[in-house]
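**Student:** Handing you this structure, nothing more for now.
The values are calculated or read from the model by the stated rules, or taken from the named source; none is laboratory data. In this text the structure is predicted, and so the values were computed from the model without any measurement. Here the Cβ is made from the backbone with ideal geometry for all residues, glycine too, and neighbour counts use every protein chain on show. Accessible surface is based on the protein model in full, side chains and every heavy atom, while ligands, DNA and RNA are left aside. Shrake-Rupley method; radii C 1.70, N 1.55, O 1.52, S 1.80 Å.
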Amino acid sequence: ALIYSMLHLCGYRLSMDDLKAFRQMHSNTPGHPERGVTEGVEVTTGPLGQGLANAVGMALVEAQMAATYNKDDLKVVDHHTYVFCGDGCLMEGVALESLSLAGHLALNKLVVIYDDNKITIDGSTSVAFTENTAVKYAAMGFNIITVEGGNHDYDAMRKAISDAKASTDKPTLILLKTVIGFGSKMEGTAKVHGSPLGADDIVALKTASGRDPTKTFHVTDEEYAHFRAASIKGAAAKKEWNATLEKYTAAHGPELAARIAGTLPDGWKAKLPLNGKSIATRKASENALAEIIPAIPAMLGGSADLTGSNLTRPGEAALVDFQKVSQAGRYIRFGVREHGMCGIMNGMHAHGGSIPFGGTFLNFIGYALGSVRLASMSHHQAIYVATHDSIGLGEDGPTHQPTELLASLRALPNFMVMRPSDQTETSACWALAIESNKTPSCLCLSRQNTVPQEKSSFEGVYRGAYTVVEAADPQAILIATGSEVSIAVDAAKLLEGKLRVRVVSMPIQSVFDAQPEEYKNTVLTEGIPTLSIEAFHPSGWEKYSHFHLGLTGFGASAPAGDLYKHFGLTAANAAAKTEKLVEVLGAVAPKKRAVALALA
């Protein structure tokens, strides 16, 4: 409720009636602030620790843009990032991952204000959290400032923020020593954390602070004027900054203004590579990035300690690492911090001026699902480069083979799971991800080589699914994604003279779902027996096919070719299963998920 009260007082579009509707259906004041719902809310941070990760991302982009564009006489990018957190936030792993990186990178314009009240929902932090926070974060590279009177010593608070802003080589952690529920009958207890104060307690607090206890939701004109003065000052500063940006653009060109506006340069998509020889789609991604990164200055990203495997740093792009001594660099060494990386990426997008990408193995996206889910909910443009996407990674075995993960990711609203089959489809997936500025994307990429398809196309990928092998009056349809598309194509060849088979590549299910019904029926025509092939769990495929050839377990450790044979992911088995499917279903197959379709 604090952020809503402050936004209302400062003149944002949040009325007193909105405050009264706190946590009610369709209100502008949901239980946890949500980006895109309430004006003035920059990020969605309900799960603890996420806001800290977001703040690191914001501070990182500020530093990169400042180092890249500022001139001695024109400092267009020059601001601090402030984040307010509590004991629970600092306990979360995503916070530790992110703040560790912030310290390493010396993000000196990051100011963390820690509400050190030593209370969480379970009670005193003495039951679970007794570390020496000041010593710990000093060791992580933070400037430490302590304010003992966090409930009343306003001069000390102002000085702490002033001192934090003066830091030139370290981020700052301000330990604000407070008493939760200060002045109430429940002060210093966990009860005040999530429960409203009693009526008599509210009366006592208002009386003690000199307010009329009979009035509720009441703000005096004098109080409004005090807060609105800050808004007037901010509006004047914004006007001055806009004039500075115009002056900068006139002197140094439009690149910075375009980054801030989120405008893509002309002609970048035409440079993307198309099919050639057989390569792994992770290599196809590297080829695409080699063209994208030099063409789009807003592309900032890296890998969670898997650069050589994810292939996120193409040599042709001549990237420089973002480090303490080279903050104009555009390649970020996130370290072994998958969850932190994804939370930081959300903050990078929220800041503006960047299109963040981050690489890891697809399986380890599971480590980061908390941040990935918030990206989807918050409409962040975060691009996950998820290589080693299936049993095709081979000998590393089931601990690294994410057989169930695609079903989970595909269940996320406003999220694109992309599984391209060759260079052309990979380039098209990158193009769509870059153009989708309100949707996160996950490129699921193979370790092993795939077979380029003659009919692969950008247009087809932008439709989500399309025909790559057509047959006159088809008797069966095979659908596949990624490395399994070539299996479907080879199965169709084996069935020549027996069955007329259409082959469909479906790189992005969610995009296909959004197509007009007429188009969808030209690709997956109702009444035709349909079999899907993908080296993942069948969950979700019942929407598109009558039978799925995939995995229901966790995979195994063996060379990729042996694994595909063991799990029946071969052209011969697909052809046999297709013949059987046609035999069982007959000439007119039932609708997929007929009951669900009827109810819809």
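**Student:** In the stretch 240-288, what residues are assigned to a helix (DSSP H, G or I), farther than 30 Å from Gln448 by Cβ and among the small types (Gly, Ala, Ser)? Steps first, answer last, please.
**Tutor:** Of the residues in the stretch 240-288, the ones assigned to a helix (DSSP H, G or I) are 240-252, 255-261, 269-271, 281-288.
So of that shortlist, the ones also farther than 30 Å from Gln448 by Cβ come out as 240-252, 255-261.
Answer for the stretch 240-288, where residues must be assigned to a helix (DSSP H, G or I), farther than 30 Å from Gln448 by Cβ and among the small types (Gly, Ala, Ser): Ala243, Ala250, Ala251, Ala257, Ala258, Ala261.
**Student:** Within the stretch 134-170, can you find the residues that are of a type in the set (Ser, Thr, Tyr) and buried (at least 18 other Cβ atoms within 10 Å of the Cβ)?
**Tutor:** As a first pass, look at the stretch 134-170 and keep what is of a type in the set (Ser, Thr, Tyr): 137, 146, 154, 162, 167-168.
Passing the criteria: Tyr137, Ser167.
**Student:** Being among the aromatic types (Phe, Trp, Tyr) and under 24 Å from Lys283 (Cβ atoms) is the filter here, so list the residues in the stretch 346-377 that pass it. So that I can check it myself, show each step before the final result.
**Tutor:** In the first step, residues of the stretch 346-377 are kept if they are among the aromatic types (Phe, Trp, Tyr); the result is 357, 361, 364, 367.
Within the stretch 346-377, Phe357, Phe361, Phe364 meet the criteria.
**Student:** Of all residues in the stretch 520-532, how many are open to solvent by 10 Å² or more (accessible area, probe 1.4 Å) and in contact with a Phe, Trp or Tyr (Cβ under 9 Å, 6 or more places away or on another chain)? Before you say what the answer is, go through the steps one by one.
**Tutor:** Kept after step one, since they are open to solvent by 10 Å² or more (accessible area, probe 1.4 Å), are these residues of the stretch 520-532: 520-522, 524-528.
Narrowing further to those that are in contact with a Phe, Trp or Tyr (Cβ under 9 Å, 6 or more places away or on another chain): 520, 524.
Total meeting the criteria: 2.
**Student:** Please go through the stretch 550-579 and pick out each residue that is of a type in the set (Gly, Ala, Ser) and open to solvent by 60 Å² or more (accessible area, probe 1.4 Å).
**Tutor:** Passing the criteria: Ser557, Ala572.
**Student:** So in the stretch 68-84, with the set limited to residues that are part of a strand (DSSP E or B) and out of contact with any helix residue (DSSP H, G or I) (no Cβ under 6 Å at 6 or more places or on another chain), which one is nearest to Gly181 (Cα to Cα)? It would help to see each step written out before you state the result.
**Tutor:** Taking the stretch 68-84 first, the residues part of a strand (DSSP E or B) are 71, 74, 81-84.
From the residues that got through so far, the ones that are out of contact with any helix residue (DSSP H, G or I) (no Cβ under 6 Å at 6 or more places or on another chain) too are 71, 82, 84.
Numbers: Lys71: 47, Tyr82: 23, Phe84: 17 Å.
Once the filter is applied, the top-ranked residue is Phe84.
**Student:** I'm trying to understand the selection: among the residues of the stretch 87-103, which are open to solvent by less than 40 Å² (accessible area, probe 1.4 Å) and touching a Leu at 6+ places or on another chain (Cβ under 9 Å)?
**Tutor:** Of everything in the stretch 87-103, those that are open to solvent by less than 40 Å² (accessible area, probe 1.4 Å) and touching a Leu at 6+ places or on another chain (Cβ under 9 Å) turn out to be Gly88, Cys89, Leu90, Val94, Ala95, Ser98, Leu99, Leu101, Ala102.
For (1) open to solvent by less than 10 Å² (accessible area, probe 1.4 Å); (2) within 30 Å of Glu187 (Cβ to Cβ), each residue gets a yes or a no:
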residue	(1), (2)
Glu42	no, no
Thr45	no, yes
Cys85	yes, yes
Leu105	yes, no
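**Student:** Please go through the stretch 443-475 and give me each residue that is within 21 Å of Lys493 (Cα to Cα), among the hydrophobic types (A, V, I, L, M, F, W, C) and touching a residue at least 40 places away in the same chain (Cβ under 8 Å), ordered by number.
**Tutor:** Val451, Ala465
**Student:** Which condition does Phe536 not pass, out of (1) assigned to a helix (DSSP H, G or I); (2) under 28 Å from the mean Cα position of the chain (by Cα), if it passes all the others?
**Tutor:** Of the numbered conditions (1) assigned to a helix (DSSP H, G or I); (2) under 28 Å from the mean Cα position of the chain (by Cα), the odd one out for Phe536 is (1).
**Student:** A further question follows. Does Thr307 count as in contact with a Gly (Cβ under 9 Å, 6 or more places away or on another chain), crowded, with 24+ Cβ neighbours inside 10 Å and not acidic (Asp, Glu)?
**Tutor:** Details: in contact with a Gly (Cβ under 9 Å, 6 or more places away or on another chain): yes; crowded, with 24+ Cβ neighbours inside 10 Å: no; not acidic (Asp, Glu): yes.
The answer is no for Thr307.
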